[in-house]
Every structure is written in structure tokens, then in C-alpha cells.
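No lab work stands behind these numbers, since they all come straight from the coordinates. All values derive from a computational prediction rather than experimental measurement. So basically every Cβ, Gly included, is an ideal-geometry build from the backbone, and we count neighbours across all protein chains shown.
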Amino acid sequence: MNVTDSTETVEQWDIFELALHGSAEGNPYLDVELTAQFAYKHRMVEVDGFYDGNGIYHIRFMPDAPGTWRYFTQSNLNALNGAGGTFTCVAPTPGNPGPVRVSNTYHFTYADGTPYKQVGTTCYAWTHQSDELEEQTLATLRSAQFNKLRMCIFPKHYLFNENEPALYPFPCLSRGSSTWDISRIWAGETPRGWSFDFSRFDPAFFQHLERRVADLMALGIEADIILFHPYDRWGFATMDAGTDVRYLHYVVARLAAYRNIWWSMANEYDLLKQKTMADWDRFFRIVQEHDPYQHPRSIHNWVAFYDHAKPWVTHLSIQRSDLAQTRTWREQYRKPVVVDECGYEGNIPPSWGNISAEEMVHRFWEGTVNGGYVGHGETFLHPEDILWWAKGGVLRGQSAPRLAFLRRILEDSPAAGLDPVDAVLSSWTGFPCAGQQHDYYLAYFGRHQPAQVTVHVPQDEQYRGEVIDTWSMTVTPLEESIGCGAVVQLPGKPYQALIMRRIYEAR
């Protein structure tokens, strides 16, 4: 073994990258196998390598513990086999909380223990645009306060999204038409004219994708990577089983070491008619088995739910507009619920893309108070078809700053998360409430406009109250403390909430 002791240091939950020179002959994507084992004390982690073009092979690793790590490679190519060495993992710097994990059954936390309160958005095809537009998207995200972004690997063909990307995941052999009736692919027809070498990948495409994932990581934004989707004119939705598997292996090998990765098996999986339920099960297992860091895993529906009770699903990713059902889904699957698509603020013709900002904000609060998390999107008509939900750019609606306000409230709520709580308000009022028993309660009144409510917190407990105007983004403290049976006065207008924090006696 060729062992090199290194003075290189890598932050905990950052990326150690090993570059090896090998052969470019034949087809390295098919012919060469490369793995590495990373050891820390008694632990051993195996990581897949990948070919990055021009005879260069890479192995990426995200260390999760400070100290000295050892590694060695294994390959069927002599030039890559038996390389070994060490590096030092050091403590993370501020802004690096590590990857997100499921916590307390229904919620999330970063690896360093910091609670993660998801307030996400969607830009499906933002990495398939011009550099100028992508940079504009990042500038918008820098101030918008979203902490998760749903994004596709494959380019997308759909309404307001028919521009041709500059790069493809596979080498393009022949080009077809940019016009295609999407219903034909849903019917099982393969697009004509387009031809790709599915036995190889295009490193330039993935290098660009990785750069954008790293850009999101620098902003503290989780990249929810959508692996498959049905909106396709190129043939990526109808690849054969072997290509699907090679694609998943390659993507996981390249991206898993980024701490901000989430995996979504598909967007609207039930529109991919060529894939069976056994295929989706297999895709989940492949990602689970080849991701050493066990990033969050989900699948997104059009109509029919996937069985989220299966063990490889970490959380629900749902498309529904009835956010009151969030509590039901929690109780059914006992996993975190993220309603990633509840409708889009905008003015395009389809009903899913023209809800008001008030309705978007309302759905976020309704999902929150029923114990879940919600995702945003925006679809305003644009003369150049630059809609945020597809291509990014700038936000034109009014919901984003109000969702940032919600995020601040969530991050000031209990670390354990907000769970549905019964009997805090008079039962006949019908208003949902969430929190942590004997500590914190959040009630939301939605479109209703009560002028007062009666509170039934536990006997012998006192609470400090705040009335929240979710639209005006105001917090009004109540002068009197709240005890059992207290009548709380409210503004008598829609979209109000009440927060109650327990007052603990000094000891």
C-alpha cells in the first residue's frame, strides 16, 4: 500500500476529497470500480469513488468526528488500488452545524444538536439556466430566509419551462425537438430525435451541479435533490433499469459528502408510468445502502401516496392543499411531515399556481400548528417565462417575508418541536394548537376572527401571552399573565395567532 501521511485538515462535516490519476481508456464509468475505507479509531466507513473525466478519479468523504482519520483505496485498476493516507478532522467553524437528521419522531435537528425548523421553497430547474440567472437566484436566496430548496437533477420540460439547457447529465449524440406534448410521455411514449450515450456521464454537468449545491451550503440552505421526474422530452424519464441504477450510484458518490443534501426519489412519482412500485422501493434501497451519511430520504406524489411507512423513508414529502390533514399523516406514519407543495403564490392559469400570498401564509401556519412543515413556491407570469418555481430569479410575491417571520417564531419555539396539543382552548372553538405540554403553546385562528378565546392551560401554571398578526408580522405582548380559565382578548380579524410561554418561578 502506498501510504501518505498528510498535514491536511478538514472541518467536521466538511469534505475531504482525494483525487487519483488513472486510465481514461475504454469506458471508465463501466469498467472501473473504486471504493475507499475511512477509519477513525474502531469505526470504518466505506465510500464509493467516481470518474470525473480526463483520467481523474475522485473520492469524497464527510468526516463526522474530530481526530485523525486513515483511509485506503480498493480498485480493479492498479493505478487506483492501495492508495492510503491520513488527514486530521478539526472542529467545525460557525455556520457549519452538520447534516440534518430526524429528531423526536416528527421533527429535525442538525448533527450538532441545533434544531432545524424547515421553511423551504422550490426552484425545480434553477441549475439549468444561464450563469447570470443562477447568480440572481442565489442573491435572492441570500436574503429570503428559506432554509431548504427543492431542485431537480434532470432538466425539466413543462409550462413556462421549455428553454434548452446548456448541459446534460449524459453525452448528447443527437438533438430532437424542443416542443413535446408532455401527455405523450405520461402515456409511455419515448421522445424521438434525442439520443444520449447512457453508458457515460458528462462530468461538466455534474461539476456545475455540485458548484450550485456548494453555493446553497454556504448560504445554510439544504438542497433537496429530486432524482427523477416525469416532465421530460429527452428520454431521462424512460431510461432502462441498468441506466437508472448506474445513475443513482454516480449521483450518490458525487453528492453525498455535501452536508446539506436531502434525497427525493422523485417529483410526482406516480406520473412516471414506466416505473413500478418495485422500482421505487429499489431506488430507495440503493440510495440508503450507498449513502454513508444517511441523508433524509423522501418521495413526492401527484395523487397517490407512496407507502411512507417503509423503513427507508425518513419523512413525508407531500403535495396537498389541505394542511389540516398534516396531523392525520403524522399519526398514520409516525414520521416528520413536510408538505413540500401546498400550491403556489402567483397568477398563472392553472389553479395550483394562482393562490394569494395570504393563502400561502395561511397554509404554512395551518401546517405548522398541526405539527408539520410546509414548502413555498411562486408562479407569477413573466414575459420571458422566468417563474421562481421553475427557473428562480427574483421573488415577486408577498409571502416570502412573512414566511421569514414564521421561521423566526419557529426558531424561538421549543427545540423539541411543535406537536399538536388538545384542550388548551375551549373544545367548542375548534382551533388547533401545538407546542410542548406545560411549557409552550401556539394557537392559530386562521381565516376566523374571534375577538376573545378562553384558555385552559393546566391548573397552577401561569403563561406569558403574545398575540401574533401573521400577515402584518407584529407581536403584541399581553399585559396580564394567563392562567386556567383566562379570557384572552384578540383583535377580531383573520390570520391571528396566540403564543403562550410558561412563567417559571425563580428558585
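Relative to the dominant Cα principal axis of the chain, helix 203-218 is inclined by about 30°.
Peptides 15-27, 288-300 ranked from most to least packed give 288-300, 15-27, packing being the mean of other C-beta atoms within 10 angstrom over each peptide's residues. Of the cross-linked pairs Lys391/Lys493; Lys273/Lys335; Lys156/Lys310; Lys275/Lys310; Lys117/Lys335; Lys156/Lys275, those separated by over 25 Å at the C-alpha level are Lys391/Lys493; Lys273/Lys335; Lys156/Lys310.
How big is the gap, in Å, between the Cα center of segment 162-180 and the Cα center of segment 193-227? So the separation of the two Cα centres works out to 15 Å.
What do you get for Rg/Rh over segment 345-502 if you use C-alpha atoms and the Kirkwood form of Rh?
Numbers: Rg = 17.3 Å, Rh = 16.6 Å.
When Rh is taken as the Kirkwood radius, the ratio is 1.04.
In this label model, Ile503 and Asn78 are separated by 8.1 nm, measuring between points 7 Å along each Cα→Cβ vector.
Ranked from largest, the principal axis spans of the Cα set of segment 86-210 equal 51, 38, 33 Å.
Once you sort the root eigenvalues of the Cα gyration tensor of segment 1-155 as a ≥ b ≥ c, which label holds: rounded (a/c under 1.5), prolate (a/b larger than b/c) or oblate (the other case)?
It is oblate, given that a/c is not under 1.5 and a/b is not larger than b/c.
Beta-bridge orientation, the chain: approximately 65 percent antiparallel, per DSSP, counting only bridges with both partners inside. DSSP assigns beta bridges within segment 131-226; of those with both partners inside it, close to 40 percent run antiparallel.
When semi-axes √(5λ) of the Cα gyration tensor in Å is computed from the coordinates, the matching label among (1) 55, 27, 18; (2) 50, 36, 18; (3) 43, 29, 19 is (3). Report, in degrees rounded to the nearest 10, the 0 to 90 angle that the Cα long axis of helix 400-411 makes with the longest principal axis of the chain. Long axis of 400-411 versus the principal axis of the chain: about 80 degrees. Here the contact order of the chain, divided by its residue count and restricted to Cα pairs under 8 Å and six or more residues apart, works out to 12 percent.
Spatial offset of segment 13-75 relative to segment 388-407 amounts to 39 Å, using the alpha carbon center of each.
Sort 243-251, 390-398, 191-199 by the packing proxy (mean of other Cβ within 10 Å over each peptide's residues), most packed first. The partial results should precede the final answer.
Values: 243-251: 18.3, 390-398: 21.3, 191-199: 15.9.
Ranked from most to least packed, the peptides come out as 390-398, 243-251, 191-199.
Can you tell me the 0 to 90 degree angle between the C-alpha axis of helix 241-255 and the longest principal axis of the chain, rounded to 10? The two axes meet at around 70 degrees. Rounded to the nearest 500, the helix-only mean residue ellipticity at 222 nm of the chain stands at -6000 deg cm²/dmol, with each DSSP H run of n ≥ 4 adding -39,500 (n - 2.57).
Spin-label pair Leu381-Ile182: with each label point 7 Å from Cα along the Cα-Cβ axis, the two points sit 1.8 nm from one another. Calculation over all alpha carbon pairs of segment 355-403 in 10 angstrom steps from 0 returns a P(r) of 26, 47, 23, 4 percent. Peptide packing for 176-183, 489-496, 318-325 was compared via the average number of neighbouring C-beta atoms within 10 Å per residue; ordered from the highest value, the list is 318-325, 489-496, 176-183. Ranked for footprinting exposure by Cβ neighbours inside 10 Å, fewest first, Val10, Val424, Val487 give Val487, Val10, Val424. Under Stokes-Einstein, with the Kirkwood radius over Cα pairs as Rh, the value for segment 2-90 at 4 °C and 1.567 mPa s is 97 µm²/s.
DSSP bridge analysis restricted to segment 140-296 gives an antiparallel fraction near 25%, rounded to the nearest 5. Working from Cα pairs under 8 Å separated by at least six residues, relative contact order for segment 301-368 is 28 percent. The reciprocal of the average 1/r between distinct C-alpha atoms defines the Kirkwood hydrodynamic radius, which for segment 421-502 equals 12.5 Å.
Listed from fewest to most Cβ neighbours within 10 Å, the set Arg407, Arg402, Arg259 follows the order Arg407, Arg402, Arg259.
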